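Okay, here's the structure, questions in a sec.
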Amino acid sequence: MEIPSDDRRIGRNSETVHCEVAPMLETEVLVVGSSLSGMMVTLNLKHRNPGLDVTVLGPLPTEEKRPLVGESLVEPGILFFREMGLGPHLDQMQVLKHGLTFYHKFDLSNPADRAYTVHAPEILYHKARQMRRQEFDTACRARAVALGARMLHGVADEIEINAGGAKHRVLATINGEKVEIRARWIVDATGRRRLIGKKVTKYIRPEKQRCTFWFRLQNFQPFLEHIEVHRRRQWKFDPWLTTHHFLGRGYWIWLIPLEIGKENLCSMGFTYRPDLFGRRILSMEDFLAQVDRDHPALAEMVRSGEVVDTQMYLDYFYRSERIYSEDGWFLVGDTARAVDPLYSNGISMTTVQVGQISEIIERQRAGTLKPGDVAALEAAGLWIMERAQREVTEQYEIMHDPFQACMRRYLNVTGWFNAFLPLWWNGFFTTPEGARLLMRLFRDRDEDAESLWVLAAEASAAIGPPYSQEGFDRGPDLDALINLRFDCAREDVMKAVTRMFARRRDMRRSLLAMNGNKNLRREIPRLISETIRPLLLRLLPRLRPAVFAAVRPPLPGQYVRWTGPERDVPEPEVPYVGRAVAEVYDRQ
Ligand SMILES: Cc1cc2nc3c(=O)[nH]c(=O)nc-3n(C[C@H](O)[C@H](O)[C@H](O)COP(=O)(O)OP(=O)(O)OC[C@H]3O[C@@H](n4cnc5c(N)ncnc54)[C@H](O)[C@@H]3O)c2cc1C
């Protein structure tokens with residue numbers, strides 16, 4: 001029987017995969033679920049191991065029944081897709097993104113007030129892309145087929161997970177026929193369905209739950225000219241081409257431009273912690289009623305356009321206790337955890353997982369996997385995903401306070417650019433040797449960061465309410481953080497990590513000064529620790545040379561490009577074509 005690649009079904013020219021679908025099919029790796037996480041695992045495995053037999057089972061992008069979001073990529077995600085060969089699609093077809101912009105409203109209690117303090121550097125160095133998912137998912141599938149993955153158009157009905165190297169068995173319906181598939185390694189990428197996850201692990205439902213209501217809007221008038229923006233500097237980039245964030249009491253709103261030009265399109269969403277927000281947003285009427293009060297310029301923008309569709313998840317937060325096993329099963333993406341998208345880092349966290357899964361399969365295949373390797377990668381994966389979400393969860397408590405919200409973001413961004421990104425870039429999260437070191441270095445709770453939350457609250461009380469730009473100008477200005485280069489060589493990675501402590505120390509000093517240094521004595525031990533820990537970290541490459549020799553970058557092509565002699569040569573500009581816009585977009 002011939003199984004056409006889904007690309008042919010949708011009328012594109014690409015290869016056709018031939019295979020016999022007898023009652024039984026054998027494959028090395030079976031990926032169940034063909035949405036983003038499933039395709040990311042497949043692309044990475046085939047890109048790194050062209051000879052590996054990888055089969056994907058799932059519906060076509062055009063048949064998906066799950067709600068479409070319209071996501072925004074950040075650094076690891078965009079670099080991952082460039083490594084996989086999807087750079088040309090992203091550059092030509094998906095809207096440019098200049099980082100994340102947060103609009104902190106000075107006076108949330110006043111509906112008539114439209115003044116916001118908005119923070120960004122003059123120019124954004126790290127550019128990413130927004131994603132119209134169906135088109136992007138189709139491009140991912142075409143790329144997976146080009147790399148030699150076998151795409152099966154169907155669903156898994158029953159799954160049997162086996163131990164000790166025995167093959168896993170899946171009973172599937174493929175093109176209307178029952179087929180048994182056997183695989184040495186099996187990846188659960190079935191999203192919230194968690195087909196394998198529910199059999200092999202427990203799921204934790206945190207008390208601090210999350211709800212989200214979102215919609216796509218077309219043919220609207222952007223809000224930018226209808227708010228009063230206070231900023232520290234002029235920007236040399238188009239401020240529309242970013243992911244916009246508005247905050248309120250117990251909630252935040254995203255706005256992602258998905259298409260630009262005459263027939264514009266965007267995704268907007270309202271995410272809240274129900275215990276703090278106190279109500280539920282179940283309809284456009286609920287959304288507009290809240291936004292009329294807090295951010296009327298956004299409500300006007302919505303009313304100026306046409307709503308394409310609406311979606312919601314209520315109390316949707318969960319995370320799994322386990323994600324990988326030496327028995328050869330893996331839970332990836334939404335199967336492993338739900339995401340609060342405040343920092344658009346869900347897909348980037350999946351990038352970490354995808355590197356870990358490839359590493360485990362490759363080592364097991366080569367017979368080099370050591371006892372404890374899977375556990376080390378699993379611990380690092382669970383830790384970073386949980387940590388990223390916990391920082392967001394706690395932020396809801398102060399989202400209505402513009403100064404504290406701004407400081408929390410600085411703190412999170414400091415950790416992201418100075419610690420997470422350089423470590424990920426060099427492979428500390430994706431090689432067992434690196435993961436073991438990380439789990440020794442970083443504690444579960446970050447008390448130093450939490451002590452800065454207290455200082456930010458004290459400083460905020462010193463300048464408001466009511467808040468003003470002058471008050472903000474008395475605080476630290478870390479807007480340039482998001483331009484930090486993280487693409488360092490592995491011998492310099494600890495130098496990059498030490499910058500995090502230096503930035504925290506600067507923040508601590510600046511926040512203390514806002515209160516006349518009243519609490520300086522209380523902060524002295526932390527200031528000392530922020531001075532000493534960097535010195536110790538810098539010694540690590542000499543103390544643990546074997547670890548530094550063992551880590552390998554998860555994206556070797558990007559690593560060579562950005563850490564090699566070409567590192568300061570800018571990428572060539574690729575003209576944006578887009579879905580609906582025929583002419584080259586040129587507003588700058
Ligand atoms: C509101 C919201 C906004 C977000 N915004 C961002 C953002 O801006 N940036 C970001 O990085 N992340 C964002 N995320 C996170 C990101 O969207 C998700 O993590 C990601 O889409 C999950 O993809 P997935 O492939 O794991 O799951 P899904 O996309 O749900 O895919 C699951 C797949 O499994 C298939 N499937 C189910 N059952 C079977 C079966 N029996 N057999 C075969 N296949 C099956 C489904 O058909 C589907 O193809 C956001 C999440 C939410 C909820």
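The values are calculated or read from the model by the stated rules, or taken from the named source; none is laboratory data. Quantities reported herein were computed from a predicted structural model and do not represent experimental measurements. Don't worry about glycine lacking a Cβ; one is built from the backbone with ideal geometry, like all the others, and counts go over all protein chains shown. Please note that ligands, DNA and RNA were not included when accessible areas were found on the heavy atoms of the full protein model with its side chains. Shrake-Rupley method; radii C 1.70, N 1.55, O 1.52, S 1.80 Å.
Anything in the range 161-175 that is within 13 Å of the ligand (Cβ to nearest atom) and either of a type in the set (Phe, Trp, Tyr) or surrounded by 17 or more Cβ atoms within 10 Å (Cβ to Cβ) (or both)? List them, or say none.
Hits for the range 161-175 are 170, 172, 174.
What do you reckon, is residue 122 open to solvent by 10 Å² or more (accessible area, probe 1.4 Å) and in a strand (DSSP E or B)?
Considered against the rule, which asks whether it is open to solvent by 10 Å² or more (accessible area, probe 1.4 Å) and in a strand (DSSP E or B), residue 122 comes out as no.
If you don't mind, there's one more thing I want to ask. Among the residues of the range 208-228, write down those that are closer than 26 Å to residue 397 by Cβ and open to solvent by 50 Å² or more (accessible area, probe 1.4 Å).
Correct list: 208 only.
Could we say that residue 475 is part of a loop (DSSP other than H, G, I, E, B) and not β-branched (Val, Ile, Thr) here?
yes
Could you please let me know if residue 197 is closer than 18 Å to residue 29 by Cα and out of contact with any strand residue (DSSP E or B) (no Cβ under 7 Å at 6 or more places or on another chain)?
Judged against the criteria, residue 197 is not a match.
Out of all the residues in the range 214-228, which are more than 16 Å from the ligand (Cβ to nearest atom) and not in a loop (DSSP other than H, G, I, E, B)?
Hits for the range 214-228 are 218, 224, 225, 226, 228.
Being surrounded by fewer than 22 Cβ atoms within 10 Å (Cβ to Cβ) and in contact with a strand residue (DSSP E or B) (Cβ under 9 Å, 6 or more places away or on another chain) is the filter here, so list the residues in the range 67-88 that pass it.
67, 68, 69 - these are the residues of the range 67-88 that are surrounded by fewer than 22 Cβ atoms within 10 Å (Cβ to Cβ) and in contact with a strand residue (DSSP E or B) (Cβ under 9 Å, 6 or more places away or on another chain).
Let me ask something else about it. Looking at (1) buried (at least 21 other Cβ atoms within 10 Å of the Cβ); (2) assigned to a helix (DSSP H, G or I); (3) within 16 Å of the ligand (Cβ to nearest atom), which is the only condition residue 55 fails?
Evaluating residue 55 over (1) buried (at least 21 other Cβ atoms within 10 Å of the Cβ); (2) assigned to a helix (DSSP H, G or I); (3) within 16 Å of the ligand (Cβ to nearest atom) leaves (2) as the failure.
Quick check: is even one residue across the range 34-45 under 27 Å from residue 154 (Cα atoms), near the ligand (Cβ under 9 Å from one of its atoms), modelled with pLDDT of 95 or more and assigned to a loop (DSSP other than H, G, I, E, B)?
Among the residues of the range 34-45, at least one is under 27 Å from residue 154 (Cα atoms), near the ligand (Cβ under 9 Å from one of its atoms), modelled with pLDDT of 95 or more and assigned to a loop (DSSP other than H, G, I, E, B), which makes the answer yes.
Something else about it: Tally time: how many residues in the range 279-302 are exposed (fewer than 14 other Cβ atoms within 10 Å of the Cβ) and among the basic types (Lys, Arg)?
Of the residues in the range 279-302, 1 are exposed (fewer than 14 other Cβ atoms within 10 Å of the Cβ) and among the basic types (Lys, Arg).
Still on this structure, I have one more. Among all residue pairs at least 6 apart or on different chains, which show Cβ distances below 8 Å where the first residue, located in the range 185-212, is outside the structural domain of residue 334 (by TED's automatic domain parsing) and the second is crowded, with 20+ Cβ neighbours inside 10 Å and among the acidic types (Asp, Glu)?
210/340
Any idea which of (1) surrounded by 24 or more Cβ atoms within 10 Å (Cβ to Cβ); (2) without any contact (Cβ under 8 Å) to a residue 40 or more places away in the chain is the one residue 440 doesn't satisfy?
Result: residue 440 fails condition (1) only.
For the range 347-386, give me each residue that is more than 16 Å from the ligand (Cβ to nearest atom), open to solvent by 10 Å² or more (accessible area, probe 1.4 Å) and in contact with a strand residue (DSSP E or B) (Cβ under 7 Å, 6 or more places away or on another chain).
378
So for the range 138-153 (the condition being assigned by TED's automatic domain parsing to the domain that holds residue 239, open to solvent by 40 Å² or more (accessible area, probe 1.4 Å), more than 19 Å from residue 26 (Cβ to Cβ) and assigned to a helix (DSSP H, G or I)), does at least one residue qualify?
No, the range 138-153 contains no residue that is assigned by TED's automatic domain parsing to the domain that holds residue 239, open to solvent by 40 Å² or more (accessible area, probe 1.4 Å), more than 19 Å from residue 26 (Cβ to Cβ) and assigned to a helix (DSSP H, G or I).
Looking at the range 467-481, which of its residues are within 21 Å of the chain's Cα centre (by Cα) and open to solvent by 40 Å² or more (accessible area, probe 1.4 Å)? Give the steps one after another, and end with the answer.
If we filter the range 467-481 for residues that are within 21 Å of the chain's Cα centre (by Cα), which is where we start, we get 479-481.
Scanning the range 467-481 gives a single hit, 480.
For residue 402, indicate whether it is over 22 Å from the mean Cα position of the chain (by Cα) and either surrounded by 23 or more Cβ atoms within 10 Å (Cβ to Cβ) or without any contact (Cβ under 8 Å) to a residue 60 or more places away in the chain (or both).
Considered against the rule, which asks whether it is over 22 Å from the mean Cα position of the chain (by Cα) and either surrounded by 23 or more Cβ atoms within 10 Å (Cβ to Cβ) or without any contact (Cβ under 8 Å) to a residue 60 or more places away in the chain (or both), residue 402 comes out as yes.
Collect the residues in the range 452-466 that are open to solvent by 30 Å² or more (accessible area, probe 1.4 Å) and assigned to a loop (DSSP other than H, G, I, E, B), keeping them in residue-number order.
465, 466
Away from the ligand (no atom under 15 Å from the Cβ) and loosely packed, with under 13 Cβ neighbours inside 10 Å: is that true of residue 205 in this structure?
yes
I'm trying to understand the selection: among the residues of the range 183-202, which are open to solvent by 20 Å² or more (accessible area, probe 1.4 Å) and away from the ligand (no atom under 16 Å from the Cβ)?
184, 202 - these are the residues of the range 183-202 that are open to solvent by 20 Å² or more (accessible area, probe 1.4 Å) and away from the ligand (no atom under 16 Å from the Cβ).
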